[in-house]
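The structure appears right after this line, and notes come after that.
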Amino acid sequence: MVIRFRIRLRAMSFLTVGGGVPDVMGSDIVHVRKTVVDGNGTRTVVYIPGSTVKGVLRTNASRVAAAYGFSTCNEVEPASISKNHEKMKEVCDVCKLFGRPGDEPHVSSKVYVSDFTSEVAGNNRILVTRVSLDDSTLTARRGALYTVEHVLPGTEYVGEVRVEESEGVKSLLPLLLLSIAELRLSVLGRGGLVDAILEDGGALDAQVSGDWRPLLENLRSWLWKGLLDRGAV
Ligand SMILES: [Zn+2]
């Protein structure tokens, strides 16, 4: 059995896609460009790779695990992970759920995250030209203009999460929910903010036990509701 639900992400700030000077600006969350050819012609779209979202969720889970009674080896390097698991005499909850780097994904990870695509048909990106500053003097470097691409606030992305329902995994679902809740409270990369909701059509009701139901309910509506459409009817 596989548990499926969707996560909808909404940009709450200008998310940096990256630009001419990646080492200066970096990106808030890794976007990938692809060219789409359809009835409307040829255009470039950006999407967030599932591996990026999964990586953020894993980091979030590791950060909050202990506070909620889940175990974590608190490591990302395969060698350190193995060493800590040996010390703990078990594979930690975070690795049980998200797998371990270096393992075959289909062997160890119980969570599969699809790419996150934007449903907006129109253009949801802007290019901003900036002046490059000299780090030491904070003065503009002559001729050092560069262009950065941003995703507009309000842009939404949808992706699917699939959780392989095997022994013990059900008890780790709350850890996955917590890692999604953390998405809404943490800053991505250089300052990007996103809101996130679960779209499960009620499917998780049967999977999540009583204590965690308020969290599940909470994740079904936007946290930062009204922040972007303030003033709209
Ligand atoms: Zn671990």
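The values are calculated or read from the model by the stated rules, or taken from the named source; none is laboratory data. Computed from a predicted structure; not experimentally measured. Backbone-built Cβ (ideal geometry, glycine too); neighbour counts: all protein chains shown. Surface accessibility is based on the protein's heavy atoms, side chains included, excluding ligands, DNA and RNA. Shrake-Rupley method; radii C 1.70, N 1.55, O 1.52, S 1.80 Å.
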Please go through (1) assigned to a helix (DSSP H, G or I); (2) within 19 Å of residue 225 (Cα to Cα) for residue 196 and return the number of the only condition it doesn't satisfy.
(1)
Restricting attention to the range 59-77, and to residues there that are open to solvent by 20 Å² or more (accessible area, probe 1.4 Å) and more than 10 Å from the ligand (Cβ to nearest atom), which single residue is modelled with the lowest pLDDT?
77
